[in-house]
Every structure is written in structure tokens, then in C-alpha cells.
Amino acid sequence: MTAAAEQEWKKGSAELLVLSLLEDQARHGYDISKLIQLRSGGALSFHVTSLYPLLYRLEERGWVNGRWVEKAEQRRRRYYSLTAEGRRALRAQRESWKGFVAAMGRVMGVENA
Amino acid sequence: MAPLKMSAAAAADVVEELAQHLEDRYRELVSGGMDEERAYREAAGELEELPALGAALERRHPMERVEAAGETNAGTWVEGVWSDARFAGRTLRKNPVFAMFAVLTIGLGIGANTAVFTLVDTLVLNPLPVAGARDLVSVAGARGKSEAKGDETLPLSYLNLRDLGRGNAVFASLAGYTGPRVVTVEMGEKPERMFAELATGSYFSTLGVRPAAGRFYGAAEDNDAGAVAVMNYATWQERFGGSREAVGRRLRINGVEMTVIGVAPRGFLGINGVFGPDIWVPAGMAERLLPNEMGDVLRDRGKAEFLGVGRLKAGVRRAQAQANLEALAGALARQYPEVNQGRTLTARPIREAVFGSAQAQPSLITFAAAVLLAVTGMVLLIACSNVANLMLARAAARGHEMAVRMAIGASRRRLVRQLLTESVLIGLAGGAAGFGMGIGGLELMWRFRPAEVAANLIMPKLDGAVLLFTLAVALATGLVFGTMPALRATRVDVGESLKEETRTMGRGRSRNRAANALLAGQVAFSFVLLAVAGLFLRSIGRAYEIDPGFQTAHLAVFLTNPGQAGYSEARTKGFYKEVRERLAAAPGVVSASWASNVPLWARAVSGLEVEGRVKRSASDTVTAVENTVDVGYFETAGVALEQGREFTEGDGEKAAPVAIVNEKMARDYWPGGDAVGRRIRLPGETGDREIVGIARTANYTALAEPPQPCVYVPLAQKYWDAMVLYVRSEGDPARVMTAVARQVREAGPGVLVHGERTGRMVVGDGLFQARMGVGLLSTFGLLALGLASIGLYGIMAFTVNQRRREMGVRMALGAARGDLVGMILWQGMRVVSVGLVLGLPAALGVGKLLERALYGVGGQDPASLAGAAAVLVLVACGACWLPARRASRMDPLAALREG
């Protein structure tokens, strides 16, 4: 993926990516960035300067909720979890993403994209 | 963060989160095998798009922006301090070892200061626990201008004092009091000793104190029928368990039934605030209670036993009181010239009377207090520099964190504030710990005060001033040890720090220079303290070898007071004789005799007349120590007779009056060596005495004092109702003391026997100052040394860590382990030698200043200096050796891989 394409991709889909990673469990920022990198096989990666503003934006919007968790023998970390509103938003975005991908596939003649 | 103007708490959160993220990334890269520099650049590289972050943050916190720059942002400031404090708390919790060490180090330093300040506060700043002490002045006599000797003050007679009370225009009230006197109290089977102070009826009202129980006496009871007593609070607690029934209790004091009518407030020991009485009794009781000491004291204008204390009328200043007193002194001198000629009166601040009438004491105590404060201040500085060193080391480690914070827009001021909050927090925690340690240490020290006078001695008191002092010191300490590391830690060029290749080496060097300079200073100071402690220690050792002119190895002394048990003159004389005879037959006793003076406690009297001596003026009198002694005294006390004869049974009441003088007196007044056969007249006597012998000059008032003249008089020719028993033992005097005391009590039922001591203890008491010096200086010296070695250890351990790779290379290239140990030791000891070289002239200078307080050693005693240096080098070697050993044991390959 070229740099320009990556930028475009991020704008459209970063929110969906983060929300879906938080669907099962609360995660901290570094964990989120690691998972994106891991699951994408290194193809996708976030920089600090874009990941955290995104998280803060989602929090502002009321979709995620960040809170500090302290564990013994460890530094405290900020964990983000989905709010009920966030879940609704995730469902809606996922539906529209699926529709978008299906439409793309049909146009481009690719099955099961 | 500053340009964003978001709340401090929010900003701190964002910074923490981002910093963590970068650190996680960095760690992962390193553990994946990337070298530290690259990993660091990689992680920090993520901050490239900072403007975007800033914009995002600005969008996020629109509500929390401060409205306008000019308006007050106090709320933000307070919130900021609070969040800084919380953040600092978290940082410290993450480093419990560092935090504990820092708090403990600072605590020790502050503890020493709190202890000393409590003493200063108790003794110098606020010694008299009465309301409005500012308006109290001490009224005493003084010599007129022509014969004045410095600040010497003289006691006043009861009659003069009474006239002053009536005639003055400046005092709302004026009272008189004496020093504490030994009295015999009959309680239970054996008589007990108490200290009683005579005080006039206006004493308590003038001072404005309130009784803790019962009441005080007033002018109506200040006469010879006023058999009432007011008890000291501590005495009440210790002897009567603080029971309410003690008030109203009758005590038989010197044979007089006295009723306890009240208890003085807690902590009040009278104006002689350092050593107070057990009871106060009306001055009017003087002659009934102490007929011998105080006979005629209420009627004879020449008998001066009182000191005055006056409360100034509103608006009157001390200078006005002084002028008024001088005028009154003139009137007294005209009216009663025989006793008041050439005398004047002084009005001094009451503070100057707190240490009794002894001259120059207040300034001495103030000086000692200043020295102690300076010493403990230096100990605290050592503690500060240790913690500063540690923080510098941490600052190096936290360079990344600082760089990240500055990269995302934190101002330097903001970061310095954050770091200072951390050090002030350590300072405050250290202050709390130090307060506990200081007070605890002081109380521990006070437990060692002689139990027999525990109730009479001043207690260190804790008041608001001590708390305030500790708080101020704690705050200042936090700023002192925090400022330099904070400035250094934030002096990072963001770009450079993020790129810098040799970050540990480059900054490490200059960091080490600062640390080494601090360390050399610590060593120098520890050296001075240890050297001076060594001087005092050697001086004490020597002092026991000093020949005081009397024997101490086989000597025991006992104070007795038959007069106070109601014994008549004849019965008292019989008692003296019987004790001597009983003891002559007692096993383990070589001889026994009586003397009026306690060894090393004599006071010189003036007014002697010497045959053939021409007076230069009316006031030109001869001064000498006077000692009334019984037969056998010279043998028992071990005072050699140089010429003539001893007193014998033949020198009785009816025989020709005789005296023995010491060599000093003989040489001073009869330089031709013909003193024996000459005549002298003692003050208060009407006839002359013939000199029959010359005794060796001894020490009378202090150990190693300059020689002073002394006159001995036979007991049979001069009656005293209280005498000191001298016993010469065959072996250790301590072994016969109980038996001797029993014999004395059997010979004199009801007679108070107290103050029993061996000759060695007598000398020890005389060394009190020196022993205090050793105790305090060794404590602080060892504290300073301990702190300095911990600092040395820390620096060496840090250096070893820093140079791991270099040493790995050296070892890989074939350097022996011993060489490495040598290298590290050399590096540490170089700093120590610089400290020693700096400390030497200081130690020599301080020694010179103290020379007068030392016995038998010079102020520049090489043994003390060498001893202090040896202790210091030994401890320092240990502190360097531990890290050196660790360095030599490391695996060179591992070190190279890690590096």
C-alpha cells in the first residue's frame, strides 16, 4: 500500500478498526496499536500522533470510555472500553463497511473481498 | 502543554499515556534485538507529526481553556500543584528504594537539626515559660564604674531589695529569689535531699504564673510564720505521683513543719531555668529554715543572697529602669555607705539571668548553640548533596521522559516545577521522619540525666517554634537538593537528546564532576568533625591522667548536713568526731577526714588581710579559696605538705589560731620563702592566724585550672554545720562506699548523706563539658561520615555501571580483575584525598579555636588528625570496594553484549 493510499484508508476506516478491537475487551493504547500491526501482518500501523487523538475524539463523542487502571508492581495504564453508544456505532459502521466492500467487489468483479 | 492551556491534570494524563506508549515501544524494540540508540530513535520518531497532535488536543479540551491570559488562573495553579504532588507521589511510589533512601537521608539530617533547635529554643530563645517574659528584667547589684569587672553581677541583700521595691518608679512589681539550696526533708525512714529556693511573696505574681494545683503564697505569708511551700511540678509527679493529696501535705524540712499549698505549672523551674528547686518557700522563712547559711539574712544589709526580678510598668523601657535603679543605688550608698559604697544596680533582660548568676554563661551557651546549629546545618547539607547526587543520576535516566514532555510542548518552567514538587515532597516526608527522630533522640539523651536531679533539670520542650522550624527546614531542604538536578534534567535540547549517540557518556562526565565536588566537600566536613571529636576524646583520656593536686584513685566523698537535721553545735562536732573514729576502724578504709569544700567545686572568697602587704586602694583585697579541714585531711585527700606541719588535735578551739596556705599563696605574698610564721586574717574574723604549713597547690574549682591561692583552716577553730566527708580507701573506693554511708548514718541519725562520689567520678563531673563535646561531635561526626560514605558508595556504584562496557573491553583485552578493583578504588580515593586535603586546614583552624577547652593535648594534635583520617579512609575504602568488587566479578562478554 502506498503512503497516500494509507492516509486515505486511515481517514475512512481507523475509527472502525479501533472500535472493533475494543468490542471484546478493554485495551490500552499500546495494545491497540500492536494488535493493528499484528493482525494486519505489519501492513497497517498507527503512530502515536494519530492513534491517541483518535481515541480522545472517540471518547469525546462518548463512544469509548478511558480510565486509569493500577495493577500491583506495574505502572498504571489507561484502558479504553466501548460504551453502549459505541457498540451501536460499531454495528452501524460495520454494516455500512460490509455494504461498501460488497459494492466494491461487485464493481471490481472480485468475489468475497 | 503550555500553549494548549488545558488543565494541568489533563495535560499530565496525556503526557503520561504518550510517554508510556513510547517506552513500551522502545522496550519491545530493544528486546527484539535492536540496539538502544536505534530503538530510541525509532520510538521517538513517532512524534514527528506533533502539530497534528496539538491540534487534536486543542479540539478535545475546548471547555478547559483559560479564558484570557491576563485573568487570574489561581484555580489552575492550585489544581496544578495538587496534580503535581499526586504525580510526584506516584513517581516516588514507583521507586520505593530511592524514595526510602532519600527520605531517610534527609530525615537524619533534619532530625539532627530539629534536636539541636529544640535545645536552642529551650535554652536560649524561650527559656522562661511565663507570660510576658519581655517585660521582665533581672535586677542585680554590680560594682561601680571604677572597679567594674566586665559584666559581673552581685546578689542583693534582702533589705536593699525591699527598699528598691518600695522606692522604684518603674516596676509594677519587684520580687526577690535565691538560688536552689540543699535542704533535708524527712520522708519515710531516711532523710532525703531536696533543693529549696527562697522567694519573696510577690515572686509568683510578678512572673505571672498560675498554679497547676492548689495556690501560691503571697506577701501575707512571707514571714517567719509562713510555713508554706510550693512544689515543682516534676517533683510533684515523681515523688507524689501527681496526687491531689500532695497539696495540704506536711513536710518536715530542716526540722520545720511546712505545708505544701500548691504546685507550680508544668515546666516552670523558676528563673534559674536550667536547674530549678523542688520547692519554693517564703523568703521570710530564711532564718528559721537555714539558720546557719541564712542567719541574719533578713536583717543584715551586708548579707547579699538575693536576686531581683521586676515586671516593668506598661510603657516603661529597660533603659528607664536602669536609670531609675542607678539613682536608687546612689541613694542607698549615701544612706548605708558601709555596705553600698562603690556599688550600683543593673537591669538586665531576664534571659541573662536564666543560667544563674555565673558570669559569661549566656554568651557561652549562645556560642555553643551557634556551633551546634552550624554543625548540624552542615550535616543536613551533606544529606542534601547525597540526595541531589541521586537525583542527578535519576535525571540522566529520565532524560527520555523529559525529552518527550518537552517535545509535546511542555515548557521548561513547567517541568522544573514538576521536579521540584517531587523533591519538596521528599523534603516534607524527610521532615516528618526527622521530626520524629530528632525528638526521639533528644528524649533518649535526656533519659541519661542523673536520676537524683531529674526533677530539677530543664526538659527540652516541643512548641510551635520547633514545628515551624522543622517545616521550614524541610521545605528549604527540598528546594536546595532539588533545584540543581531539576535544572540539569530539563536542560535538554529536544532534538539533540532524541538523536544523541553518546548520551550517557557526554552528560555523565559533567554530572560526575559536580557529584565529585559535592563528595569532596562532604569528606572534608566529616574529617573536621571527626578530628575535633578525636581531640576531645584524647583530651578526656589525658584529663584523667592530669594531677589535680589531690589523689583520686582511692578517694570517696560524701556530703552531709547535720545542721539541717537540727543538730546543735556540740552534737555536730561529736558527730564529726565519731564518724572519723568509726571509719578509722572500718575495713578497707585507710583514713577519713572532713573538709568544707567539695573537690573541684570551691569558690574563692575575697577580703583576706595579709601581714606586711600594703593596700593600693580601699577595694584592693586578697582573694583566695578557703577550706576548713579536719585533722588528717592532707593525708586522706593526698595533698602533699611542702613545709611546716599539718593541723593536729592540738589546734583546738582554745589554742592559738593557725592556718595553712598553699604554695601559690606563699610565693605570691612572701616571695622570700618565709611564709611559715607569718600572719593572715580571714574575712569575717577578728583575730589573726599564724601560718604553720605550706601545702602543694591543687585544682580547686576546675581541672587543670591556673594556680590560685588557698587557705586551710582547722575545723576545731571554725565551725560549719555542713561538711564533706573524705575517705581514702585501700582498694577501689566504690567497694567501701555503701559501708561508709551506713556508718555515717548510724553515727548521725537523721543526718542527710548525699552526693556520694568516687574521686574518678569527681574528675568525670569536672569533665562534663568535654564529655558533652565528645558525645555530640562524635554523634554528628559519625552521622556525617555515614552519609558521606553512602554518597561515595552511590557514586562509585553508578560509575561502575556506566563504565561497564569499557571495563568489559579492558577485561576482554586481558586486564586482571585486581587491576579493575584498583582502578575503581583509585578513582574513589582520589575524591577522598581531595576532601582530606581541603579538610586539613579547616580541622587545624577549628582545633586552634578549641585549644582552651582541651586538657593535655594541643589543638593540632597529630594523633587526632591521623586517627580521623584513618577512620575516614577505611570507611571510604569499604564504600568504594563494594562496587569495585562487583565490577571485577562481571562477565566481560555479557557486559559487552549489554553495552
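The values are calculated or read from the model by the stated rules, or taken from the named source; none is laboratory data. Note that the structure is a prediction, hence the values are computed from the model and not measured. Here the Cβ is made from the backbone with ideal geometry for all residues, glycine too, and neighbour counts use every protein chain on show.
Identify all residues within the stretch B:192-203 that are surrounded by 18 or more Cβ atoms within 10 Å (Cβ to Cβ) and in a strand (DSSP E or B); write none if there are none.
Residues of the stretch B:192-203 surrounded by 18 or more Cβ atoms within 10 Å (Cβ to Cβ): B:193-203.
Those that are surrounded by 18 or more Cβ atoms within 10 Å (Cβ to Cβ) and in a strand (DSSP E or B): B:Arg193, B:Met194, B:Phe195, B:Ala196, B:Glu197, B:Leu198, B:Ala199.
Going residue by residue through the stretch A:32-49, is there one that turns out to be in contact (Cβ under 8 Å) with a residue 24 or more places away in the chain, among the polar types (S, T, N, Q), surrounded by 14 or more Cβ atoms within 10 Å (Cβ to Cβ) and within 19 Å of B:Leu22 (Cα to Cα)? Looking through the stretch A:32-49, none of the residues is in contact (Cβ under 8 Å) with a residue 24 or more places away in the chain, among the polar types (S, T, N, Q), surrounded by 14 or more Cβ atoms within 10 Å (Cβ to Cβ) and within 19 Å of B:Leu22 (Cα to Cα).
What about A:Tyr30, is it in a strand (DSSP E or B), closer than 29 Å to B:Lys94 by Cβ, within 14 Å of chain B (Cβ to nearest Cβ) and under 15 Å from the mean Cα position of the chain (by Cα)?
Numbers: in a strand (DSSP E or B): no; closer than 29 Å to B:Lys94 by Cβ: yes; within 14 Å of chain B (Cβ to nearest Cβ): yes; under 15 Å from the mean Cα position of the chain (by Cα): yes.
Spelling it out, it is not the case that A:Tyr30 is in a strand (DSSP E or B), closer than 29 Å to B:Lys94 by Cβ, within 14 Å of chain B (Cβ to nearest Cβ) and under 15 Å from the mean Cα position of the chain (by Cα).
Of the residues in the stretch A:73-83, at least one is surrounded by 16 or more Cβ atoms within 10 Å (Cβ to Cβ), more than 9 Å from every other protein chain (Cβ to nearest Cβ) and of a type in the set (A, V, I, L, M). Among the residues here, A:His47 does not qualify as within 21 Å of B:Glu42 (Cβ to Cβ), within 12 Å of chain B (Cβ to nearest Cβ) and touching a Lys or Arg at 6+ places or on another chain (Cβ under 7 Å). Only one entry in B:Glu642, B:Glu649, B:Glu685, B:Glu626 is within 30 Å of B:Val589 (Cβ to Cβ) and assigned to a loop (DSSP other than H, G, I, E, B), namely B:Glu649.
Tell me the residue from A:Gln37, A:Gln93 that is assigned to a helix (DSSP H, G or I) and either of a type in the set (Phe, Trp, Tyr) or within 14 Å of chain B (Cβ to nearest Cβ) (or both), please.
A:Gln37
I'd like to know if the stretch B:452-472 contains one or more residues that are loosely packed, with under 15 Cβ neighbours inside 10 Å and under 30 Å from B:Ala842 (Cα atoms). Checking the stretch B:452-472: at least one residue is loosely packed, with under 15 Cβ neighbours inside 10 Å and under 30 Å from B:Ala842 (Cα atoms). Before we move on, is A:Gly86 at pLDDT 85 or above and either touching a strand residue (DSSP E or B) at 6+ places or on another chain (Cβ under 9 Å) or within 14 Å of another protein chain (Cβ to nearest Cβ) (or both)? It is true that A:Gly86 is at pLDDT 85 or above and either touching a strand residue (DSSP E or B) at 6+ places or on another chain (Cβ under 9 Å) or within 14 Å of another protein chain (Cβ to nearest Cβ) (or both).
The helices (runs of 4 or more DSSP H) located wholly in the stretch B:809-899 that include 3 or more residues which are free of Cβ contacts under 8 Å to residues at least 40 places away in the same chain occupy B:817-850, B:862-889.
I'm checking my understanding of the structure. Among residues of the stretch B:674-691 that are β-branched (Val, Ile, Thr) and modelled with pLDDT of 90 or more, which one is farthest from B:Glu646 (Cα to Cα)?
Only one residue tops the list, namely B:Ile680.
Scanning the stretch A:51-68 for residues that are within 10 Å of another protein chain (Cβ to nearest Cβ) and either surrounded by fewer than 19 Cβ atoms within 10 Å (Cβ to Cβ) or part of a strand (DSSP E or B) (or both) yields A:Arg57, A:Glu59, A:Glu60, A:Gly66, A:Trp68. When residues in the stretch B:573-620 are screened for being in a strand (DSSP E or B) and either more than 16 Å from B:Ala556 (Cα to Cα) or at pLDDT below 90 (or both), 7 of them pass.
Among residues of the stretch B:219-238 being in a helix (DSSP H, G or I) and over 38 Å from the mean Cα position of the chain (by Cα), the one that is surrounded by the fewest Cβ atoms within 10 Å (Cβ to Cβ) is B:Ala220.
Candidates B:Ala815, B:Ala842: the one that is closer than 11 Å to B:Ala531 by Cα, in the same structural domain as B:Cys880 (by TED's automatic domain parsing) and of a type in the set (A, V, I, L, M, F, W, C) is B:Ala842.
Given the criterion assigned to a helix (DSSP H, G or I), farther than 30 Å from B:Leu792 by Cα, out of contact with any strand residue (DSSP E or B) (no Cβ under 7 Å at 6 or more places or on another chain) and modelled with pLDDT under 70, identify the matching residue among B:Ala39, B:Ala55, B:Ala69, B:Ala43. Quick ask: steps written out before the conclusion?
Values: B:Ala39 fails: modelled with pLDDT under 70; B:Ala69 fails: assigned to a helix (DSSP H, G or I); B:Ala43 fails: modelled with pLDDT under 70.
Every option except B:Ala55 fails the conditions.
Here B:Asn272 clears all of (1) out of contact with any strand residue (DSSP E or B) (no Cβ under 6 Å at 6 or more places or on another chain); (2) crowded, with 19+ Cβ neighbours inside 10 Å; (3) at pLDDT 90 or above except the condition numbered (3). The combined condition, being loosely packed, with under 15 Cβ neighbours inside 10 Å, outside the structural domain of B:Arg852 (by TED's automatic domain parsing) and of a type outside the set (A, V, I, L, M), is not fulfilled by B:Glu305.
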